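Heads up: the structure comes next, in structure tokens.
Every number in this text was worked out from the coordinates using simple rules, so none of it is lab data. Quantities reported herein were computed from a predicted structural model and do not represent experimental measurements. Note: ideal-geometry Cβ built from the backbone for every residue, glycine included; neighbour counts use all protein chains shown.
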Amino acid sequence: MSVKYIPVQWNPNKYVYDAVMLAAVAAFLWFFMFVSPDLLAHDRPITGQIRTARAFGACAFFMLTVILCIGPLARLDARFLPLLYNRRHFGVMAFFIALTHAYAILGWYFSFTPIETYEALLSTNTSFDRVRGFPFEILGLFALLCLGVLALTSHDFWMKFLTPPIWKALHFLIYAAYAAVIGHVALGVLQDGHATGLTVAFGLSGALVIALHLAAVMKDRRAGDPAASIAQDGWEVACHADQVEEGFGKVAVLSTGERVAVFRQEGKLSAISNACSHQNGPLGEGRIIDCLVTCPWHGFQYNVTNGRSPEPFTETVPTYDLRIDGAKVLIRSEPNPPGTYVEPVAATPANKDTV
Amino acid sequence: MSDKEDPFFVGYLPAPKSLRWFLAGVSLLLILAFPLFSWAVSVTQEDPGPSGYRFDFGRQTLTGTITLAPYPTLHVTEGSELVAAGETILLAGVGKFGVANRVSDFDGALATLQGIILDRGDLRMLQVAGGRRGVMAAEGEAPTLDIEPLGRWRLSGEICDGKCLAGAMRPGTGIGHRACAQLCLVGEVPPVFVASEPINGHEFFLIGTADGAPIGRDLIDFVGLYVEAEGEISLRGGMPVLIIDPETVESL
Amino acid sequence: MSFAATLVLMAEIWVWIGLAISALFLTIGIGRVDEDARGAYVFRPLLVPGIILIWPLVLWRWWIIETGRDDWAKRHQPPRAFHAQAWMVLAVVIPLIFLAALAARQSTELLTPPVLLEAPQ
């Protein structure tokens, strides 16, 4: 959480995360650039610049594949959430690796010509009407631009300024980018490489990403957040009081489409928006630590009675009016403005008449 | 609701003990998966072929007869350790440029050229050095070139730029290299047809058009693909030349 | 001017406008739209490339916040359903692209031996 923005916020977990990521990327590039030439043992080896471009391109593809697996893995098994925590560093790194690939290509295939480099990139191969010989470089350029938008708008400032929903919508570009990258690879390197291993490596990567996302979609359909049922004017039944355990939340989807998270703290129930103000992470899947609801994504914290982050932090989430009817927990459909205090409600049937 | 029993990770707090082994395992898996993918992709790269710059022979000084059409060639009269007299080699400039404008005054005349040789099998090209010493007039009588017609052929193979094919880039063929080859051809580097099987022992044919002009966009669009094409083949001073019929070029 | 040259020129113009807007936004705008940015200067240069890429969006948001049109409720309405829709489409599109490209791939088996059509005269 931030008070005043700084370029990068570090903590020990991020250091470990980045160290693992850098080690993995370094191992990839080292193997490709320095080990594989000896294994290939070509009489006249592949030109160094081309090998470098290939190494960085393949590495960016694999990084993108891993990054895209993190989201659905965390949906399928919460133990993967720590991988989500610092995913943006992974993404920014992937952008720079992809950028290096692009520069290696531009500085080699599209240089030493009378035509200016970028103009050459856009004008040389114009066979858009065919699959074989399609200007696959343009797909790579598109993906790189998408990755650029993602990486360069990854600072927390952007989330707050654009609002998390717009920021997320912008970052959905990653999906278009991945499809473009698959096209870039399949219409480029796979056209020349007749080795089965190459096709299998790229094909399996794409299949893994698709399978994990579909599995996460199916899990959400099967065991996603239940819908609230409308009770009386403007109130909806979110859950039963005994479903909310001390220190934990229970999520329901209101008729407005918004999600509410009902928490129990010291025996009393409170309801706040399920969407964290940082990145709209699912607060209801977090838990109360030190009297504060803690987001499972990045650990942003809120007082459950007023939706405010503890001083000196300034984040707020909307709260919801809540009352008890027998065992039912009723929530007013319309949220209160972020930071509005709502008296917690004792969750015992005896309490219902006093609400 | 999150499961009560599950460990809960908060980024700025120490990781829960029960998660540490899991995360260590995932980290190890990632550190192994990256080089594994690197292995799968890197060791399947194909051999770019026996081509390349012959820096091992240093800068060459060759004298011979320049022919401009279809693309500049040098029929060597005074060779070197690497290039014997009597051979005909292709000419290109530094970068993705041909040398037509630099040797235009020497069509059918003798000239002394300096530069670096690139070769691939019987395909040889001189990358003519920049500056005045790259192209110099030479004294003497220029021998006329023998032209031996080999007839009209239908070939299948690939249209490449002669310079990258000869080893300026390894690999210098195929789809991945397509745009680069197209830029070379736009820059009037001599195009070469790589035939599926040799004809009279030759598998590389300098491509020309009937009017002697550089090849146009209609042919450049086929670069890097396997194509079929028809044309007249001849040996000009020993150099295999295909005068291609653009209408017959088809992608396979 | 060729189409490609026009595109490159347009991209250059886009970048220059973005630079001008960065200068304006990072000196005047940012403190007005976000209290956390007041007095924080070191992180601002980091935002320049992002502003250059998406300056129309920056101008729009700046205008929304300046004119008090920002709707707090919308901040808490994540587009969660989009993930499922996107992957339903991508689960078809990605394999289609991949398989189409593999189907179009030329095998060396397509190559045939040369045929003499007409012997030399």
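Observations on the model:
- Residue with peak Gaussian network fluctuation, chain B [Cα springs, cutoff 10 Å], from B:Phe205, B:Phe37, B:Phe97: B:Phe37
- The range A:104-147 and the range B:198-252 have Cα centres spaced 25 Å apart.
- Residue of B:Val83, B:Val135, B:Val26 that the Gaussian network model of chain B assigns the largest fluctuation, springs spanning Cα pairs under 10 Å: B:Val26
- Separation of alpha-carbon centers, the range B:82-99 and the range C:1-51, rounded to whole Å: 49 Å
- Each of A:Pro335, A:Ala238, A:Val345 was scored by the projection of its Cα onto the charge dipole of the range A:229-354, and the greatest displacement toward the positive side belongs to A:Ala238; charges sit on the C-beta of Lys, Arg, Asp and Glu.
- Relative contact order, percent, chain B [alpha-carbon distance under 8 Å, six or more residues apart]: 18 percent
- Taking a straight Cα-Cα cut-off under 23 Å and skipping sequence neighbours fewer than 8 places away in the same chain, the lysines within cross-link reach of A:Lys168 are A:Lys4, A:Lys14, A:Lys160, A:Lys219, C:Lys74.
- Theoretical FRET efficiency, 1/(1+(r/R0)^6), r = Cβ-Cβ of C:Leu110 and A:Asp43, R0 25 Å, to 0.05: 0.40
- Within the listed set A:Asp156, A:Asp192, A:Asp321, the residue fluctuating most in the Gaussian network model of chain A (springs between alpha-carbon atoms under 10 angstrom) is A:Asp192.
- Summarised as an ellipsoid, the protein assembly as shown has semi-axes of 65, 25, 22 Å, derived from the eigenvalues of the Cα gyration tensor scaled by 5 and square-rooted, with the largest first.
- The packing ranking, built from the mean of other Cβ atoms within 10 Å per residue, places the peptides A:229-238, B:185-194 in the order B:185-194, A:229-238, highest first.
- Ranked for footprinting exposure by Cβ neighbours inside 10 Å, fewest first, C:Ile13, A:Ile115 give C:Ile13, A:Ile115.
- Taking the Cα atoms of the range C:3-78, the ratio Rg/Rh between the radius of gyration and the Kirkwood radius comes to 1.06.
- Cα gyration tensor of the range B:51-137 - equivalent ellipsoid semi-axes, whole Å, descending: 17, 14, 12
- Here B:Ser196, A:Ser123 are placed in order of increasing Cβ neighbour count within 10 Å, fewest first, which gives B:Ser196, A:Ser123.
- Theoretical FRET efficiency, 1/(1+(r/R0)^6), r = Cβ-Cβ of A:Ser229 and C:Val89, R0 45 Å, to 0.05: 0.90
- Cβ charges +1 (Lys, Arg) and -1 (Asp, Glu), total dipole of the protein assembly as shown, debye: 2600 debye
- Look at the stretch A:207-214: the mean tally of other chain Cβ atoms within 10 Å of its residues' Cβ atoms is 4.
- Volume of the Cα convex hull of the range A:201-355, divided per residue and given in Å³: 126 Å³
- Label-reachable residues, the range A:14-37, where backbone N falls under 20 Å from a point 7 Å from A:Phe96's Cα toward its Cβ: A:14-33
- Dipole moment magnitude, nearest 20 debye, the range A:1-136 about Cα centre, only Lys, Arg, Asp, Glu C-beta charged: 420 debye
- Multiplying each eigenvalue of the alpha-carbon gyration tensor of chain B by 5 and taking the square root yields semi-axes of 52, 22, 15 Å, largest first, rounded to whole angstroms.
- Between C:Trp72 and A:Glu246, the FRET efficiency estimated from the beta carbon spacing at R0 = 35 angstrom works out to 0.70.
- Positive-end ranking of A:Gly71, A:Leu198, A:Thr117 along the dipole of chain A, with charges on Cβ about the Cα centre, is headed by A:Leu198.
- Cβ-based charge dipole, the range B:109-181, positive-most Cα from B:His177, B:Ala138, B:Gln114: B:His177
- Helical content alone sets the calculated 222 nm signal of the protein assembly as shown at -12500 deg cm²/dmol, taking -39,500 (n - 2.57) per DSSP H segment of four or more residues and averaging over every residue.
- Within straight-line reach of B:Lys163, meaning a Cα separation under 19 Å, sit the following lysines at least 8 residues removed in sequence or on another chain: B:Lys96.
- Relative to the Cα centre, the charge distribution of chain B, modelled as +1 at Lys and Arg Cβ and -1 at Asp and Glu Cβ, gives a dipole magnitude of about 1260 debye.
- Take each residue in B:217-229, count the other chain C-beta atoms within 10 Å of its C-beta, and the mean is 3.
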